[in-house]
Amino acid sequence: MPLKPGDKAPDFTLLDQHGEEVSLTSLAGRKVLVYFYPRADTPGCTTQACGLRDIAGEVGDTVIIGISPDAPAKLARFDEKYSLGFTLLSDPDHATADAYGAWGEKKNYGKTYMGVVRSAFLVDEHGRIEKAWPKVSPKDTPANLLEALAGS
C-alpha cells in the first residue's frame, strides 16, 4: 500500500553511489524528494533522473534522493555518465521500496513479476509525507516536484 500525505515517512539507512551511508533522519529539517526507480541507465529512469538534474537549481534546499535496487558502483556510473549530482541510494533487498509501497507486481510483455513501481514522495521537514505520486511517469516527476514546492 503506497504511503499517503500525512503518513510518517519510513526511515532508512542505505549506501549511496560513493559507498557512504545516508539516512532519512539525517536530513530532518529539510524537504526531501524520495523517488524509486527500477534500474539505473535505462530509458525511463534516465529521463526521470536527467529531468530532476535539470531542475535541481530550482528546488532550494530540498534534497533529491533516487533509490533503486542497483549496487553503489552501478549508481556511481549512472551519476557520472549523466552528471546527475544528487544522491542515489542502493536498496538491494528492496526493503525501503517495500516500506514506501513502491515494490509490487508488474507486468511486461505478458509476464508478471515483482519489481520497483516508479513512485515519488515529498517528505516534509518533520519526516511526514507531504505529497505522494504512486506509479508516476518519468517525465512528470520534476514538474510534480516544482508544483508541490511552489504550493507549499
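Observations
- Candidates P72, P92, P2: the one that is of a type outside the set (S, T, Y), at pLDDT below 95 and more than 13 Å from the chain's Cα centre (by Cα) is P2.
- Residues (without any contact (Cβ under 8 Å) to a residue 12 or more places away in the chain and part of a loop (DSSP other than H, G, I, E, B)) located in the stretch 96-152: Y109, G110
- Residue list for the stretch 13-45, restricted to those being out of contact with any strand residue (DSSP E or B) (no Cβ under 8 Å at 6 or more places or on another chain) and free of Cβ contacts under 8 Å to residues at least 60 places away in the same chain: H18, G19, E20, S26, D41, T42, P43
- If you go through the stretch 96-152 and keep only what is among the charged types (D, E, K, R), over 12 Å from V34 (Cβ atoms) and surrounded by fewer than 20 Cβ atoms within 10 Å (Cβ to Cβ), you end up with D98, E105, K106, K107, K111, E125, R128, K135, K139, D140, E147.
- Residue match in the stretch 16-34 (condition: in contact with a helix residue (DSSP H, G or I) (Cβ under 7 Å, 6 or more places away or on another chain), of a type in the set (G, A, S) and within 19 Å of R118 (Cα to Cα)): no
- Condition met for T87 (in contact (Cβ under 8 Å) with a residue 60 or more places away in the chain, touching a strand residue (DSSP E or B) at 6+ places or on another chain (Cβ under 8 Å), among the β-branched types (V, I, T) and more than 21 Å from A148 (Cα to Cα)): no
- Residue in the stretch 27-43 that is farthest from T96 (Cα to Cα), counting only those that are modelled with pLDDT of 95 or more and among the small types (G, A, S): G29
- With respect to the conditions (1) touching a Lys or Arg at 6+ places or on another chain (Cβ under 6 Å); (2) exposed (fewer than 13 other Cβ atoms within 10 Å of the Cβ), D93 falls short on a single one, namely (1).
- Any chance P92 is touching a helix residue (DSSP H, G or I) at 6+ places or on another chain (Cβ under 7 Å), farther than 19 Å from N144 by Cα and either assigned to a helix (DSSP H, G or I) or of a type outside the set (F, W, Y) (or both): no
The values are calculated or read from the model by the stated rules, or taken from the named source; none is laboratory data. As the structure is a computational prediction, the values presented were derived from the model and not from experiment. Ideal geometry is used to build each Cβ from the backbone, glycine not excepted, and the neighbour counts take in all protein chains shown.
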